[in-house]
Amino acid sequence: MAMRVKIMKRWGGFCLPLSVWKEFISQTLKQPTGKAFLENLFEAAANTQSVDICEALLELGADPNRLMMTESCHVQRPIQLAVEYWVGNEEFLQLLIHFGADVNLVSGEEDACPALFKAAKEHTLQSVKALVDAGADLWASIEHEEVMYTALAAAVESDWRHSYESDHDEDQQEVSCCRRGVEILSYLLPHYDREDDHDMIQSALVMAATRGRRDLAMILLDAGADANETSIQGYTPLICAVHHSYRAEMVLMAQLLLENGADPNMGTYESRGIDMGPIHLAASKGGEEKMLKLLLSYGAHINAPAYSATDTEVSQFSGSEDGDSDFGWHGEGKESSTALQLALLPPTSRYMTKSSRPALLLLRAGANLTGGEFASASALNSIELMQELVRRGDVDVNEVDSSGRNALEICIKHQSVGLFEYLIQAGTSMDRPNLVKEACKGGNRQIVKLLLDHGAALQCEGNEGSLLVAAAKSKNWELMSWLIDLQDLPYSSRALCVAVTSGIGTDQSNEIHLASLLRKRHRTKTGDILEGTALAYAAFWNQNWVTDRLLKFWHTGDCILPLVEDVGYYTLIEGPYQLKRSYGTQRQYWKDPNAIRCSIILPFILANDWPTIRSLLDAGYRPDRLSLLVATRSHPLTEIQRLTSHMHIRDISRGSREKLETPLQAAIRSRRRDVVEHFLNLGVDVNASSTTCSQALGYEEEDRVIPARTALQHAVALKDLSMIDLLLDAGANVNSPAAEFKGATALQIAAATGQIGLARRLIALGADIDAPGANFGGRTALQAAAERGRLDMVQFLLECGVCSDQYETAVDIALAHGYMATVETIQDWMSSEGKDEGI
């Protein structure tokens, strides 16, 4: 956006009348450069909504249907852009229609919405009318998660950016009279036939139920929609309303549907192995008590079973990619669950809470017990619920749930002393493996003591020190020290790692507990990688009292970071901000085989603790290549020189991992000429390849990547001429091949960025003008210039004799991006070559 705003400011800065500009541009249109100027200026004017300039350019022949790159980083038609929510310019829309824009054209991108859909959802009734009057296709549709998405469905969503909560029908009717959705839907519906277009009307009702729009649902029901008919995905309107029952207005939405004949027992996806009625959904979604009461009052079968399905079917039903259904399914295979069992299941998401009230409601309404309810109910942390189950007289207090845990094991997670005491008094067995360990993990010393006082075994399954590990996870340092004193437990490096990464070092008053943990550690023992990981954590967070204590022991020199390979490397190189979040959210990351392993020096580099680094180097610890790579980005040259003095030239030349760039490449990206000169003076390989895997590193979907490039390719991309001179003098190869994934040669980068002078120089030095593009997402020099609409570069490359095999592809690429002047230039060149060959 900044570039286009700059273009328009420069345009206006000349302070010449628009008529003068029109005359000037009109005289250049016979030349390809004039056409290219017209195209690019129209793109800039459209993206900045400079309507007067757009009008002048359209009068000069700018194409109102051309494809263009918009500020949303998508290729769109101007008519689509005009009705985007962040544009919303009716004057621009009317202008495009006036100049003959095809209102039904869309870009070639997947799921591209017609302008009418966008207007109905994001814009005004006037925009919708303008598009319909201009011939917009009212019967167009695209596939959507829940419905067949049409202009009607889009109209239902028109107010989605505004909160929509109303507790009373009367209030809602008053508000709805002036709501945009009602106006647009009321305008569109008469264009549809009640019978022929029933599917579209029905899909809109399902969407209205999903959004809680009772006002729109009434309009659609009056238009012939059926309260019991499913959408193309198999959802009934009632199922959709119940699915979103965490929203207050959904109870009223469900009531409206029930009043209009919705079947409270009609399941969903019966043909695909899932038979789940509204009552099961209400129970599993967090158990909205009001929704359950409503469904029961309309005759929902309280004991009807719901049948689950295969993982694939559950994933499709819930919309969850990993098969973890939003609807509360647990376990595998086609098993049945009652509404009560679903109400007793723990939340399926950390963002979801469940109350014991729905389960109590179902029990008191006559829900049957089928086994396992007592164990499952303990997860809801309600003594009242447990008492209600015991009062039924047909429960076994030692039964287990589907995972094999009894009520005590499940209750430990919630650390409710009162419920724990009640379960023990009720006779729930404590003869369960790892019961004390799980209590230690919970961190409640009172519960641990309660278990021990009632004869629970202190020993547990697992590795030595697992009790200490469990206590460390709880962050209850007094409990950890108490356990050490109680049983004289041996030292565990794993417990140390857990304690430090759980935050024991945040308060120096915990020093007594760290000393208790280290008391039995032999001073002559070499620390393992877990101790190194603890040291790394303390170093990163500048917990100096912890690092001082741990550095008294000799370590192997390695540690593990809470980052996995690939994007983790990007995080390290580009800055530690993400590492801070990873340290805060990742638990026991050292168990991940893909976690990054590095020198213990690296965390001190991230903490900018160079005095300690110098001490470590003097003590014999060595930096690895990853440490040098991270230091190269922004740390002092003197410290980088100190690191390289402890490294072999082979390690300085190569990337620290097969997927990473070399230190020289990193120094160029960071524009650190002093560091580049230092590396070149050391004799590093200036032509080292751009990583073994040749793939961009980082978050490609967010356009935050480190592209795989050689040193020269990086310098060309940065347009750093002085760095380019330095590298060429050092023997940089102008024909280093493009990386396999979206890579580019130096000439291809110059072509894409319009550096004609540099391109001419590279060709003079022997750069291959016809070098192939990357295997994946690559472009030749000509194709790269055509993709960016670089008409001058395209002309230059054609004159330099680029191979004619590239012409057609270059034309297709330019056409797909709306650069017609570029298309015409290449086509004219093709024609002239054809004539020459004929001669």
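Just a yes or no: is a residue in segment 571-578 in contact with a Ser or Thr (Cβ under 6 Å, 6 or more places away or on another chain), without any contact (Cβ under 8 Å) to a residue 40 or more places away in the chain and assigned to a helix (DSSP H, G or I)? Spell out the reasoning first.
At the first step, the residues of segment 571-578 found to be in contact with a Ser or Thr (Cβ under 6 Å, 6 or more places away or on another chain) are 578.
Applying the additional criterion that residues be without any contact (Cβ under 8 Å) to a residue 40 or more places away in the chain yields 578.
Keeping just the survivors that are assigned to a helix (DSSP H, G or I) gives 578.
Looking for residues that are in contact with a Ser or Thr (Cβ under 6 Å, 6 or more places away or on another chain), without any contact (Cβ under 8 Å) to a residue 40 or more places away in the chain and assigned to a helix (DSSP H, G or I), one finds at least one in segment 571-578, hence yes.
Restricting attention to segment 376-411, which residues are of a type in the set (S, T, N, Q) and outside any loop (DSSP other than H, G, I, E, B)?
Ser376, Ser378, Gln387 - these are the residues of segment 376-411 that are of a type in the set (S, T, N, Q) and outside any loop (DSSP other than H, G, I, E, B).
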Q: May I ask you to list the residues in segment 797-831 that are more than 14 Å from Lys35 (Cα to Cα) and of a type in the set (S, T, N, Q)?
A: Ser804, Gln806, Thr809, Gln827, Ser831
**Q.** Boolean, Leu728 is surrounded by fewer than 20 Cβ atoms within 10 Å (Cβ to Cβ) and either touching an Asp or Glu at 6+ places or on another chain (Cβ under 8 Å) or assigned to a helix (DSSP H, G or I) (or both)
**A.** yes
Q) Hey, among the residues in segment 268-306 that are acidic (Asp, Glu) and within 15 Å of Ile239 (Cα to Cα), which one's modelled with the lowest pLDDT? A) Glu270
Q | Leading residue by the ranking (nearest to Ile613 (Cα to Cα)) among those in segment 578-600 that are modelled with pLDDT under 80 and not charged (D, E, K, R) | A | Leu579
Q: Select from segment 42-53 the residues that are in contact with a helix residue (DSSP H, G or I) (Cβ under 6 Å, 6 or more places away or on another chain) and in a helix (DSSP H, G or I) and list them in ascending order.
A: Phe42, Ala44, Ala45, Ala46, Asn47, Val51, Ile53
Q) How about segment 401-445: which of its residues are touching a His at 6+ places or on another chain (Cβ under 8 Å) and either among the aromatic types (Phe, Trp, Tyr) or without any contact (Cβ under 8 Å) to a residue 24 or more places away in the chain (or both)? A) none
Q: Answer yes or no as to whether Asn476 is closer than 19 Å to Gln588 by Cβ and not acidic (Asp, Glu).
A: yes
Q: Spot the failing condition for Gly575; the list is (1) modelled with pLDDT of 95 or more; (2) surrounded by fewer than 18 Cβ atoms within 10 Å (Cβ to Cβ), and only one is missed.
A: (1)
Q) Val417 fails exactly one of the following numbered conditions: (1) of a type outside the set (Ser, Thr, Tyr); (2) loosely packed, with under 14 Cβ neighbours inside 10 Å; (3) over 27 Å from Ser474 (Cβ atoms). What is the number of that condition? A) (3)
Q: State whether one or more residues within segment 511-531 are outside the structural domain of Asp624 (by TED's automatic domain parsing), within 21 Å of Asn608 (Cβ to Cβ) and either within 31 Å of the chain's Cα centre (by Cα) or surrounded by fewer than 23 Cβ atoms within 10 Å (Cβ to Cβ) (or both).
A: no
Q. Of all residues in segment 522-551, which are modelled with pLDDT under 90 and charged (D, E, K, R)?
A. Arg523, Lys525
**Q.** Residues satisfying the stated conditions in segment 370-405, i.e. surrounded by 19 or more Cβ atoms within 10 Å (Cβ to Cβ) and acidic (Asp, Glu)
**A.** Glu373, Asp401
Q. Under the condition of being closer than 20 Å to Glu661 by Cα and assigned to a helix (DSSP H, G or I), which residue from segment 640-649 is modelled with the lowest pLDDT?
A. Ile649
Q.
Whether any residue in segment 89-98 is among the aromatic types (Phe, Trp, Tyr) and either farther than 26 Å from Ser26 by Cβ or surrounded by fewer than 16 Cβ atoms within 10 Å (Cβ to Cβ) (or both) is what I want to check.
A. no
Q: Among the numbered conditions (1) in contact with a His (Cβ under 7 Å, 6 or more places away or on another chain); (2) modelled with pLDDT under 90; (3) not small (Gly, Ala, Ser), tell me where Asp322 comes up short.
A: (1)
Q: Keeping to segment 786-820, report how many residues are surrounded by 22 or more Cβ atoms within 10 Å (Cβ to Cβ) and farther than 23 Å from Leu758 by Cβ.
A: 1
**Q.** Residues located in segment 530-543, provided they are touching a residue at least 60 places away in the same chain (Cβ under 8 Å), more than 9 Å from Ser493 (Cβ to Cβ) and in a helix (DSSP H, G or I)
**A.** Gly532, Leu535, Ala536, Tyr537, Ala539, Phe540
**Q.** Neighbours by Cβ (under 8 Å, 6+ apart or cross-chain): first from segment 355-371, part of a helix (DSSP H, G or I); second among the polar types (S, T, N, Q)
**A.** Leu360/Ser382
Q. For segment 184-233, how many residues are of a type outside the set (Gly, Ala, Ser) and farther than 19 Å from Asp137 by Cα?
A. 20
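The values are calculated or read from the model by the stated rules, or taken from the named source; none is laboratory data. Treat the numbers as computed from the prediction; the structure is a model and nothing was measured. Every residue, glycine as well, gets a Cβ built from its backbone with ideal geometry; the counts of neighbours run over all protein chains shown.
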